[in-house]
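**Student:** So that we are looking at the same thing, I have put the structure below in structure tokens.
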Amino acid sequence: MDHNAPIDGFKRHMRGQWDDAAAGWDAHAPQIAAWLRNASDAMIEMAGVRAGARVLDVAAGAGDQTLDIARRVGPAGEVLAIDLSPCILERAADNARRAGLSNVQTRVADGEDLGVWAATFDAAVCRLGLMFFPDPLRGLRQMHAALRHGGGICTMVFGRPERNPCVGIVMSTALRHAGQPPIDPQCSGSLFSLGAPGRIDSLFAAAGFREVATTVVEAPFRLPSARHYLDFIGASASPVRQILASLGAQAAAAAWAEMEQRLRVFDGSGGWCGPNELLLTAARR
């Protein structure tokens with residue numbers, strides 16, 4: 001029996017989801033960058049990214065943080081952006097070309113099997129990717145091996161489900177309308193799998209990192225309205241689209257309408273503001 005078959009199937013499914021979501025995610029890059037600006041800047045700083053550094057960007061996606069890193073390391077530095085999805089990584093490579101950044105390289109690879117030379121990077125980051133790994137400890141060990149002695153790392157993941165209510169509202173509504181059972185928010189490879197207090201710190205320690213420290217960061221998603229948030233979800237969140245794909249057009253529209261109604265609880269005088277809690281974990285090899 002091939003015990004890796006379920007994991008391989010999960011990764012193929014995940015690759016397909018991100019291939020499908022690549023265009024929508026990239027199209028919403030300005031909104032995503034604004035949402036994660038402070039957290040991304042802190043992640044890059046906490047990883048110790050400096051001019052002239054060689055940086056590994058794991059689960060890079062469409063790469064808006066990759067471009068930030070490339071500008072910080074300058075022409076004497078280099079960024080290698082890695083992602084499981086070839087479609088979304090093509091977006092990152094194109095964005096780097098259009099920005100005139102020749103110090104960005106891309107490689108399609110599994111975050112749990114990076115395929116890079118050992119001890120060749122000064123810093124590593126992973127923004128909103130590690131929680132999707134079936135085996136995040138293996139991914140962290142891969143990043144540990146890739147770093148030079150003393151090299152820095154910083155990852156960003158979602159915190160506790162109750163501190164990230166918008167995603168919960170969207171997913172629970174979609175699942176209920178589709179007649180599917182709720183998903184354990186802390187199951188392996190799920191959005192909140194690393195959000196429990198102390199969970200990610202213990203994984204970093206087990207991977208061999210030292211000076212491990214996790215910082216809680218509030219990252220509210222500010223948009224004109226709940227409808228704008230659902231436009232983002234509909235274009236870039238492939239799991240939600242797949243859940244609702246089993247429904248007819250009228251039933252799916254009813255699900256989206258209920259989501260919007262429930263999300264309006266976050267309306268304010270200045271527009272819509274959806275709360276989010278992120279965890280930044282920094283360490284050194």
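**Student:** How big is D, in µm² s⁻¹, for region 176-215 by Stokes-Einstein at 10 °C and 1.306 mPa s if Rh is the Kirkwood radius over C-alpha pairs?
**Tutor:** Estimated diffusion coefficient is 131 µm²/s.
**Student:** Binned at 10 Å from 0, what are the whole-percent values of the Cα-Cα distance distribution for region 169-285, short to long?
**Tutor:** 12, 33, 30, 18, 6, 0
**Student:** Determine the dipole magnitude for the chain: charges of +1 sit on the beta-carbon of Lys and Arg, -1 on that of Asp and Glu, nothing else is charged, the reference point is the Cα centre, and the result goes in debye to the nearest 20.
**Tutor:** 380
**Student:** Just how large is the dipole of region 100-205 about the Cα centre, in debye to the nearest 20, putting +1 at every Lys and Arg Cβ and -1 at every Asp and Glu Cβ?
**Tutor:** Its charge dipole is roughly 160 debye.
**Student:** Would you mind telling me which residue in Gly270, Gly139, Gly111 has the biggest mean-square fluctuation in a Gaussian network model of the chain, where springs connect alpha carbons within a distance under 10 angstrom?
**Tutor:** Gly270
**Student:** In region 1-134, with Lys and Arg counted as +1 and Asp and Glu as -1 at Cβ, which of these residues, Pro75, Ala62, Gly24, has the Cα nearest the positive end of the dipole, that is, farthest along it?
**Tutor:** Positive-most Cα among the choices belongs to Pro75.
**Student:** With a 1.4 Å probe and all protein chains left in place, how much accessible area per residue does the chain have, in Å²?
**Tutor:** On a per-residue basis, the chain sits at 44 Å².
**Student:** Further, regarding this structure: Angle, helix 86-98 long axis vs. longest principal axis of the chain, Cα atoms, 0 to 90°, nearest 10?
**Tutor:** 70
**Student:** What's the Cα-based Rg to Rh of region 1-129, Rh via Kirkwood?
**Tutor:** A ratio of 0.98.
**Student:** Provide Rg and Dmax in Å for the chain, with only Cα atoms included in the calculation.
**Tutor:** Here Rg and the maximum Cα pair distance are 18.6, 59 Å.
**Student:** Continuing with this model, one more query. Over the chain, with every protein chain in place, what whole percent of the accessible area is carbon and sulfur at 1.4 Å, could you tell me?
**Tutor:** Numbers: 6790 of 12570 Å².
The C+S portion of the solvent-accessible surface of the chain is 54 percent.
**Student:** Return the loop-located trypsin sites (Lys or Arg not before Pro) in region 1-70 (DSSP other than H, G, I, E, B) with at most 16 other Cβ atoms within 10 Å of their own Cβ; answer none if there are none.
**Tutor:** Qualifying residues, ordered by number: Arg50.
**Student:** Using the alpha-carbon centroid of each, what span in Å lies between region 9-35 and region 217-285?
**Tutor:** Answer, in whole Å: 14.
The values are calculated or read from the model by the stated rules, or taken from the named source; none is laboratory data. Everything numeric here is computed off the predicted structure, so don't read it as measured data. All Cβ positions, even for glycine, are placed from backbone atoms using ideal geometry, and neighbour counts span all protein chains on display. Accessible surface is based on the protein model in full, side chains and every heavy atom, while ligands, DNA and RNA are left aside. Shrake-Rupley method; radii C 1.70, N 1.55, O 1.52, S 1.80 Å.
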